[in-house]
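The values are calculated or read from the model by the stated rules, or taken from the named source; none is laboratory data. As the structure is a computational prediction, the values presented were derived from the model and not from experiment. As a convention, Cβ positions derive from the backbone with ideal geometry for all residues, glycine included, and neighbour counts pool all protein chains shown. Please note that ligands, DNA and RNA were not included when accessible areas were found on the heavy atoms of the full protein model with its side chains. Shrake-Rupley method; radii C 1.70, N 1.55, O 1.52, S 1.80 Å.
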Amino acid sequence: WDQGFAIYPSHNLHMLVFSASNAGQGAIAVQAGKDYGKVESGAGAFYQALALLRFGRFDDILELNDPPADAIPADAIPLGLWRFARGYAHLKQGQPDSARSYLLMMETAIGTTPDTVRFRGHPAEHLLGVTAGILSGELEWHDGRLDEAIAMFEEAVALEDQIRYDEPEPLNFSARDWLGAALLEADRPGDAEQVYRAALEDHPRNGWSLFGLEQALRVQGREGEADEVRRQYDESWAMADVLLRESRS
C-alpha cells in the first residue's frame, strides 16, 4: 500500500472547520473548508467562506469565485450560506447596499425552499434563518439602531436553539457571540454575561465566548472572576492564530 484513504472525508473536514473555528485556529479552519469544497461535488467554497468570516478575513471572502451550484433545490442552503458570507463581507468592507441585496436573496430562499430540502438534516428555516438574523442585526447596528440589532440577534439565537443535535454542528459559530457583543455595546454587561454563559454551556471552553464573558465581568468590576475567565481563555486559545478584540467577527 502506497496510498492512504479516508472514511467520510467530508464529515472529517466539516468537523475540522467547526473545531478549529472554536479553538481560534483560523488557518486550519479555512484550509479544511477549502478541502471540503473539493470533496463535496457542487458544494463550492461555502465552508471556506464561513471560516474566513469567523476570523474576519472579509477581503478574502470577496476573492472567492467558487459558489455552490444552484441547479437543484438541494443547493439552496449551501448557496444561501455562501450569500451570507458574501453579504457580511460586503457590509464590513463598507458596502451595505450590497449586503442588503444578499440578505434579500437569503430571505427569498428561506421563504421558497421546501422543508424537505435539508443540509445534513437541517432546514433552510434554521440555518439560513440564523445567518440572515445575524446579517440583519449587523445592518441595523451599522445604521445606528442598536436596539433593533439586539432584537435581530435574539431572533437568531432563538432559531439557533431549534437546530437539532448534530456532530459537528452545521455552523462554525454561535449567534450568541453577536448578541453578547451588542449587549456590551448597549452598556448591558449583566445581560451580556448571561448570554456568554449560555454560549459556554453549549460550546464549553470556546475562546470567543470566554473573551466576551471576561469583558462583561470586567465592566461590572468583578476582577477576580474576570481573571479566572482570562486564565481559561488563555488555555483554550493557546494554539490560536488570531487575537480577539470582541466576540463577534
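Annotation for the range 72-115 versus the range 16-41: alpha-carbon center distance of 21 Å. Hydrophobic long helices, here whole DSSP H runs in the chain with Kyte-Doolittle means of at least -0.5 and Cα atoms spread over 27 Å or more along the helix axis, are not found. Springs join every pair of Cα atoms under 10 Å in this Gaussian network model of the chain, and among 101, 236, 21 the largest mean-square fluctuation is at 101. Can you tell me the FRET efficiency between residue 98 and residue 194 if r is taken as the Cβ-Cβ distance and R0 is 35 Å, rounded to the nearest 0.05? Computed FRET efficiency for residue 98 and residue 194 comes out at 0.50. Computed with a 1.4 Å probe over protein heavy atoms only, the accessible area of residue 154 comes to about 90 Å². Given +1 at the Cβ of Lys and Arg, -1 at the Cβ of Asp and Glu and no other charges, the dipole of the range 140-249 around its Cα centre is 260 debye to the nearest 20.
Positive contributions from Lys and Arg (+1) and negative ones from Asp and Glu (-1), summed over other residues with Cβ under 11 Å from the Cβ of residue 218, come out at -3. Protection proxy ranking for 77-84, 44-51, using the average of other Cβ atoms within 10 Å per residue and placing the highest first: 44-51, 77-84.
Under a Gaussian network description of the chain, with springs only between Cα atoms under 10 Å, the residue in 56, 144, 37 that fluctuates furthest is 144. Summarised as an ellipsoid, the chain has semi-axes of 29, 23, 16 Å, derived from the eigenvalues of the Cα gyration tensor scaled by 5 and square-rooted, with the largest first. Ignoring any ligand, DNA or RNA, what whole percent of the accessible area of the chain comes from carbon and sulfur when the probe is 1.4 angstrom? So the carbon and sulfur contribution to the accessible surface is 50 percent. The gain in end-to-end length when the residue 228 to residue 108 segment is fully stretched comes to 38.7 nm, 0.36 nm per residue minus the alpha carbon separation. Of the trypsin sites (Lys or Arg not before Pro) found in the range 142-249, those in coil by DSSP whose Cβ has at most 10 other Cβ atoms within 10 Å are 245.
About its Cα centre, the range 1-157 has a charge dipole of approximately 340 debye under the convention of +1 per Lys or Arg Cβ and -1 per Asp or Glu Cβ, with nothing else charged.
Between the residues 203, 183, 221, the greatest Cα displacement towards the positive end of the dipole of the range 160-224, with unit charges on the Cβ of Lys, Arg, Asp and Glu, is found for 221. Here is the list for the range 85-143: trypsin sites (Lys or Arg not before Pro) lying in DSSP coil, each with at most 15 other C-beta atoms within 10 angstrom of its C-beta, are 120. When the alpha-carbon atoms of the range 1-103 are used, the pair Rg, Dmax equals 14.3, 55 angstrom. State the answer as a single residue: which of 163, 30, 111 lies farthest towards the positive end of the charge dipole of the chain, with beta carbon charges of +1 for Lys and Arg and -1 for Asp and Glu, about the Cα centre. Result: 30, furthest along the dipole toward the positive end.
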